[in-house]
Amino acid sequence: MNYVLSDSITQPITTDNFLAVEITNSKQTSHIIKVLNEKYPLPHHKHLRRVKSVLVEGRKTLHVLLCAVADAADPTASCHHTILKDTGIPSEALAAESYHCQAASRQPVTRAQYDEACKLWPTFFHEDQELEKKLGLIAMSEFDKKCMNLAYQLSNHGKGGFKCGAVIADTDSQRVMGVGYSMSDAHPLKHSVMVAIDSVAHQQGGGAWSSTARITSQYCSEISPASPKAKKKKMETGREEDYICTGYTAYLTHEPCTMCAMSLLHSRIKHVHYEMATKSGALGSQYSLHYDPQLNHNFTVTRKQLDELPSD
Amino acid sequence: MDLFGEANKYWMSKALNEAKKALDRGEVPVGCIFVCNNEVLSTGSNKVTETKNATQHAEIVAIDEIIEQCISKGEDNENLFNSTTLYVTVEPCIMCAAALRLVGIGTVVFGCHNDRFGGCGSVKNVSQDDIPQYGKPLNTISGIYSEESIELLKQFYKGENPNAPGHKKKIKV
């Protein structure tokens, strides 16, 4: 499976145009950087290093960014002379001709983006090791597979529209907390996820739909009763009472629609795994609610890779 | 439709009464009423705490009641929803806006905007976006008794939600 991540993470870097020039007197480099940073700072490109070193026929040459083309009053070679005049950099310290080049428009977030950016112009970069782990193919645990199989089993009971199955589980204590399948033949809002969320509510002594109570008692208690081990763990970790879907993982046969994705967000789900993307899906297709910065809760999402074998 | 017409104000005041009931029960004070041909189909208010189910917003609660009525009468709910207007004190959230499109509601009249979860333009535009399997966009009218609706929410958030462990106290309304 793969994580469903934002475009800013998975997409190639974007670039902006700059005016650069070779430094011919390398002894002046630190002085040049200092005065340029003072008089010609790069406020929108603080992630860029001011100078890059290039090997030309075994000889190291240094190049400096003069300004961003978008920021330059006159983005032609004459700008180069204006900069010399404004900064007092002696003209013999720089090559006579400046040139246009491209550099990353934003700070790279992943190592792949960083490598790509540095081919153009060196940047600063802080590697996020947790994020790097989410970039490749991720293996499912045995418990993940068990829950996913149950979701498929449930989907066979589905009636109306998509035949979807949903399982909501606490992966820490390895307990199934709620189950659902599509019942939208009789009720347009009874999608598998809505049913599973209500099933969790029944497990916690609440619940809105009586049909959910039946399948909850049928599947949840039988398949994963709270084991003594899980209870012991709960006492040891001193976790608070279960509160809606806080800390839980949802296993879904299909990408949830907007209503269902938002209901998982309202329920404070920790992680969602789905197998089949849908056009109207709201966790990567139509919308990506799980990492929307405007919403007050974010969660991680994984989906099955198309070339992966079905989990069985 | 006359935005501040007497009929809209009348039904919205009924929705506000529902919201007040939710406040008395310690729930987030959002109330709604579904009206078809000047007849009340159902009323609803937030029941998240009571049901321990975060999806039980006023609109979902009231839609449930209408569907139950249709099932018991053996009637089709699709045509009924089509000719129905929903009056709700706060802009439907992303989930509820989606639900309203799924049932095919005719018109939605709401009070104040919902900057945290709004699905009718504030955060997402679920009400208007082209979404497969979601039917036609929603007709929406906003701003009726907006201040009264906000006032109720402010009253609620002045206190702390005792059901949310570690819930941030500072909540923007």
Antiparallel DSSP beta bridges within segment A:142-305, percent to nearest 5: 55
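Output the peptides A:205-215, A:28-38, A:178-188, A:262-272 sorted from most to least packed, where packing is the average of other Cβ atoms within 10 Å over each peptide's residues.
Packing proxy ranking, top to bottom: A:262-272, A:178-188, A:205-215, A:28-38.
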GNM top mover of B:Ile71, B:Ile60, B:Ile33 - chain B, alpha-carbon springs below 10 Å: B:Ile71
Cα long-axis angle, helix A:142-155 against chain A (0 to 90 degrees, to the nearest 10): 60
Helix-only CD estimate at 222 nm, as mean residue ellipticity for the protein assembly as shown, using -39500 (n - 2.57) per DSSP H run (n ≥ 4): -10500 deg cm²/dmol
Crossing angle, helix A:77-87 versus chain A [Cα axis fit, 0-90 degrees, rounded to tens]: 80
Inter-part distance where segment A:115-137 and segment A:1-66 are each reduced to a Cα centre, Å: 16
For segment A:142-305, convex hull of alpha carbons as volume per residue, Å³: 112
Segment A:109-131 residues near the modelled A:Arg49 label - backbone nitrogen below 12 Å, point 7 Å along Cα→Cβ: A:118-125
Inter-chain shielding of B:124-137 (mean C-beta neighbours from other protein chains, 10 Å cut-off): 3
Viscosity 0.692 mPa s, temperature 37 °C, Stokes-Einstein D of the protein assembly as shown from Kirkwood C-alpha radius, µm²/s: 127
Kirkwood Rh, Cα atoms: Rg over Rh of segment A:2-134: 1.03
Span per principal axis, largest first, for the Cα atoms of segment B:1-90 (Å): 35, 33, 15
Of the GluC sites (Glu not before Pro) in segment B:7-41, those whose Cβ has at most 11 other Cβ within 10 Å and which sit in DSSP loop: none
C-alpha long axis of helix B:146-158 to longest principal axis of chain B, angle in °: 40
FRET efficiency, 1/(1 + (r/R0)^6) with R0 56 Å, evaluated for A:Thr300 and A:Asn25 via beta carbons: 0.60
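Rounded to the nearest 5, what % of the DSSP beta bridges within chain B are antiparallel ones?
Once the DSSP bridges in chain B are tallied, antiparallel ones form about 60 percent.
Taken together, the values in this text are just the output of simple stated rules run on the coordinates, not laboratory data. Given the structure is predicted, the values throughout are model-derived calculations rather than measurements. Cβ: placed from backbone, ideal geometry, glycine included. Neighbour counts: every protein chain shown.
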